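See structure below.
The values are calculated or read from the model by the stated rules, or taken from the named source; none is laboratory data. Remember, it's a predicted structure, so these values are computed and weren't measured experimentally. When we count neighbours, we look across all protein chains shown, and the Cβ atoms used for this are built from the backbone with ideal geometry, even at glycine. We work out accessible area using only protein heavy atoms, side chains counted, and drop any ligands, DNA or RNA first. Shrake-Rupley method; radii C 1.70, N 1.55, O 1.52, S 1.80 Å.
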Amino acid sequence: MKRKRARTADQVRVGRSKSGLGLFATGSFKKGEFIAQYWGRKLTEAQADAVDNKYLFELNSKWTIDGATRRNTARYINHSCRPNGKIDITGGKILIRAKRKIEPGEEITYNYGKNYFKAFIKPHGCRCAHCKKKGKNGKKANGK
């Protein structure tokens, strides 16, 4: 029996964005519609502490998802301070849903949260479209 592809597999593509690779809509998404699932190896807190990659997504206080596999298309979703996607953790799954209507060609984004922002984005400056447009980059005026 042939396995049916997820409907959204044909509605997204990985492509070049202003902050590296990104995930882009090739079809439209309605507000609240499922876009992708962030998936990978399920790690304990101790295992996650030993892994050195930036694709770790904390599922809860006990478990973390290592989404480093390139087959995890949700790993290509970039941070934005004004995202069009949102995270929905349900039944042990990390789902990305449309926060508003998303048009074909739009880059899909979600807010990575304060901890990730402070540790990985702020030191180099935020490159999301909102911050670029406003002239903000997540750093103080003196570069720190």
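Worth pointing out:
- Only strands (runs of 3 or more DSSP E) whose full extent lies in the range 55-128 are considered here, and the ones with at least 1 residues that are touching a residue at least 60 places away in the same chain (Cβ under 8 Å) and under 20 Å from Val14 (Cα atoms) are 93-98, 107-110.
- Of the residues making up the range 84-110, those that are among the small types (Gly, Ala, Ser) and at pLDDT 95 or above are Gly85, Ala98, Gly105.
- Condition broken by Lys133, with the remaining ones in (1) modelled with pLDDT under 85; (2) over 25 Å from Ala25 (Cα atoms) satisfied: (2)
- Residues that are of a type in the set (Ser, Thr, Tyr) and modelled with pLDDT of 95 or more, drawn from the range 74-83: Tyr76
- Inside the range 29-56, residues that are open to solvent by less than 90 Å² (accessible area, probe 1.4 Å), modelled with pLDDT of 95 or more and within 18 Å of the chain's Cα centre (by Cα) make up a count of 9.
- In the range 58-98, residue nearest to Ala36 (Cα to Cα) [restricted to those that are surrounded by fewer than 19 Cβ atoms within 10 Å (Cβ to Cβ) and of a type in the set (Lys, Arg)]: Arg97
- Annotation: Ala25 fulfils all but one of (1) touching a residue at least 60 places away in the same chain (Cβ under 8 Å); (2) small (Gly, Ala, Ser); (3) on the phi > 0 side of the Ramachandran plot; the unmet one is (3).
- Looking across the range 111-130, the residues that are of a type in the set (A, V, I, L, M) and at pLDDT 85 or above come down to Ala119, Ile121.
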